[in-house]
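Let me begin by presenting the structure, written as structure tokens, before commenting on it.
The values are calculated or read from the model by the stated rules, or taken from the named source; none is laboratory data. Keep in mind that what you see is a predicted model, and the values were worked out from it rather than measured. Heads up, the Cβs are rebuilt from the backbone with ideal geometry, glycines too, and the neighbour counts pull from every protein chain shown. Heavy atoms of the whole protein, side chains included, go into the accessibility calculation; ligands, DNA and RNA do not. Shrake-Rupley method; radii C 1.70, N 1.55, O 1.52, S 1.80 Å.
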Amino acid sequence: MPFECDVITLFPEMFDAVTNYGITGKAFRNGIINLNTWNPRKFAYDNRHSVDDSPYGGGPGMVMMAQPLEDAITQARARQTAVGISQTVVAYMTPQGNRLDHHQVTTLSKMPGLILLCGRYEGIDERLISRQVDMEISIGDYVVSGGELAAMVLIDCIIRQIPGSLGDPESANQDSFVDGLLDFPHYTRPEVYQGDHVPEILMSGNHAQIRRWRLQQALGRTWLKRPDLLKLKLEQHGITPDEKELLEEFKQTCKFR
Ligand code: ADE
């Protein structure tokens with residue numbers, strides 16, 4: 001069964017970016033994921049199809065009204081129920097949400113589906129949030145102009161975790177963050193570029209050695225670029241004596257550079 005995604009958005013066309021291109025586009029064409037959009041404007045019944053109004057208490061900007069959103073969500077939940085999802089989940093994309101990381105992406109990708117609620121303007125009427133939202137997700141501590149880009153980031157990450165979405169099933173396992181580490185460096189032809197050589201080990205054909213070198217690079221680069229991640233790995237995943245030795249060796253080579 002495909003991952004069933006329903007999105008509540010004023011700008012459904014934006015999602016062409018994930019449904020039509022690259023790895024994500026292929027996943028949609030192959031039926032690995034299914035996406036339906038629901039435009040709250042279609043559930044706004046005044047003459048002007050209003051979806052927002054000024055905030056009570058004053059202040060700048062507009063607030064999305066509860067009713068058009070609630071009606072759109074109700075339709076999305078009904079569709080998900082009709083395709084066999086017994087517990088529908090509405091996730092509101094907001095900077096106030098739980099900050100997305102690899103672990104959460106893995107958890108979400110194992111669910112049968114998700115309903116993503118995209119906000120615009122200053123925000124959404126709080127009563128809609130308390131009535132309908134089951135979880136809140138942020139893509140980072142900054143603000144984008146609407147939930148759509150955030151939802152697309154989430155959809156893309158989820159697709160990568162679904163078996164069959166990547167040409168080579170090993171690709172997702174080699175991504176950064178999978179084992180709490182950043183990725184190792186990559187090289188392709190030519191062997192010498194502007195006088196700069198591909199590391200000799202990669203030309204050796206010794207796959208065990210190459211694996212060790214890559215692990216050492218991943219450990220070393222995480223130590224150099226994201227010491228916070230390395231600390232987290234030590235606490236959560238632990239480090240084997242072999243990994244410890246590889247990292248120490250990497251640190252030594254840095255000293256002598
Ligand atoms: N909407 C606006 N900014 C956002 C963010 N950082 N994460 C999720 N949704 C958002």
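Numbers at a glance
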{"read-out": "Accessible-area composition of the chain, carbon plus sulfur, in percent [1.4 Å probe]", "value": "51 percent"}
{"read-out": "Karplus-derived HN-Hα couplings along segment 107-122 (A = 6.51, B = -1.76, C = 1.60, θ = phi - 60°), whole Hz, x at Gly and Pro", "value": "4, 5, 5, 8, 6, x, x, 8, 10, 9, 9, 9, x, 9, 6, 6"}
{"read-out": "Intensity falloff of the chain expressed as log10 I(q)/I(0), Debye formula with alpha-carbon point scatterers, at q = 0.08, 0.15 Å⁻¹", "value": "-0.44, -1.08"}
{"read-out": "Given charges at beta-carbon only (K, R positive; D, E negative), |dipole| of the chain in Debye", "value": "360 debye"}
{"read-out": "Full-stretch length increase - His197, Leu234 - with 0.36 nm per residue and alpha-carbon distance subtracted", "value": "10.0 nm"}
{"read-out": "Solvent-accessible heavy-atom area per residue, rounded to whole Å², over the chain at 1.4 Å", "value": "59 Å²"}
{"read-out": "Chymotrypsin sites (Phe, Trp or Tyr not before Pro) within segment 182-253, DSSP loop, no more than 16 other Cβ atoms inside 10 Å", "value": "Tyr187"}
{"read-out": "Whole-number Å³ per residue for the convex hull built on Cα positions in segment 192-255", "value": "103 Å³"}
{"read-out": "Chymotrypsin sites (Phe, Trp or Tyr not before Pro) restricted to DSSP loop in segment 1-107 with at most 12 other C-beta within 10 Å", "value": "Tyr21, Tyr45, Tyr56"}
{"read-out": "Given the chain, longest segment not containing exposed loop GluC sites (Glu not before Pro) (DSSP; at most 16 other Cβ within 10 Å)", "value": "1-121"}
{"read-out": "Of Gly22, Gly205, Gly57, the one that fluctuates the most in a GNM where the chain has Cα springs shorter than 10 Å", "value": "Gly57"}
{"read-out": "Antiparallel content of DSSP bridges confined to segment 3-161, in %, to 5", "value": "10 percent"}
{"read-out": "Those residues of segment 133-167 whose amide nitrogen sits under 19 Å from the label point placed on Met62, 7 Å along Cα→Cβ", "value": "144-149"}
